[in-house]
Amino acid sequence: MRRLRSSTAQSPAIVISIIALVFSLGSGTYAATTLNGRQIGPANPAATSATQLRWHRLHLMNGWMPPPSILNEGHPAYAVSGGIVYLRGVMSSGTSPLFAHLPPGARPKHNLATLVDTFNGVPGALIIDANGEMDVFGGNATTFASLAAVSFPRTS
């Protein structure tokens, strides 16, 4: 991942290529209730609402900060339910793409990539490594990045 970070700092074209790849693959993260015919989430997706999930704050690093509480946007956090990992919250002012690590119980089995909103709605990329490292880059990510609507099966 270090090599990816140094490459993205050198060329915005690499970031654009990665984002295009994510679009062409239909995004690397998704919410699912079944995987390979096995039930991994609730049979009724409406049965799991955001208020029923137990949220855990992400420990932000490298200058990343949650929004001021007056904005009511929410500190970046994760929750795990029925084998699905959910992310939420927004952050800003990062000095490096690396902003947090997911704990072992919330990590994907493989590296994942998906699009996220950045400042002024410009798409950026979120990369979650199997080791839990979380990076966001591209678009206006160092100004503002949202984790809203990101979810994935732990088996992905």
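The values are calculated or read from the model by the stated rules, or taken from the named source; none is laboratory data. It should be emphasised that the depicted structure is a prediction, and the values quoted were computed from it without experimental measurement. Every residue, glycine as well, gets a Cβ built from its backbone with ideal geometry; the counts of neighbours run over all protein chains shown.
Across region 117-134, which residue is farthest from residue 102 (Cα to Cα) among those that are crowded, with 21+ Cβ neighbours inside 10 Å and of a type in the set (Val, Ile, Thr)? Spell out how you get there, then give the answer.
Step one: list which residues in region 117-134 are crowded, with 21+ Cβ neighbours inside 10 Å, which gives 118, 124-128, 134.
From what is left, the residues that are of a type in the set (Val, Ile, Thr) are 118, 127-128.
Working: 118: 21, 127: 12, 128: 8 Å.
Among those residues, the one meeting the criterion is 118.
Can you tell me which residue in region 115-156 is modelled with the highest pLDDT, limited to those that are among the polar types (S, T, N, Q) and either in contact with a Phe, Trp or Tyr (Cβ under 8 Å, 6 or more places away or on another chain) or closer than 18 Å to residue 80 by Cα (or both)?
Residues of region 115-156 among the polar types (S, T, N, Q): 118, 120, 131, 140, 142-143, 146, 151, 155-156.
Among the residues that remain, those that are also either in contact with a Phe, Trp or Tyr (Cβ under 8 Å, 6 or more places away or on another chain) or closer than 18 Å to residue 80 by Cα (or both) are: 118, 131, 140, 143, 151, 155-156.
Working: 118: 88, 131: 97, 140: 81, 143: 84, 151: 94, 155: 86, 156: 77.
Among those that are among the polar types (S, T, N, Q) and either in contact with a Phe, Trp or Tyr (Cβ under 8 Å, 6 or more places away or on another chain) or closer than 18 Å to residue 80 by Cα (or both), it is 131.
Taking region 140-156 as the range and being more than 20 Å from residue 59 (Cα to Cα) and free of Cβ contacts under 8 Å to residues at least 60 places away in the same chain as the test, only 140 passes.
If only residues of region 57-74 that are under 20 Å from residue 106 (Cα atoms) and part of a loop (DSSP other than H, G, I, E, B) are counted, the one that is modelled with the lowest pLDDT is 74. Among the residues of region 75-108, the one identified as in a strand (DSSP E or B) and over 19 Å from residue 149 (Cα atoms) is 98. Per the conditions (1) touching a helix residue (DSSP H, G or I) at 6+ places or on another chain (Cβ under 7 Å); (2) surrounded by fewer than 22 Cβ atoms within 10 Å (Cβ to Cβ), the sole criterion not satisfied by residue 137 is (2).
Of the residues 101, 75, 110, 59, the single one that is without any contact (Cβ under 8 Å) to a residue 24 or more places away in the chain and surrounded by fewer than 19 Cβ atoms within 10 Å (Cβ to Cβ) is 75.
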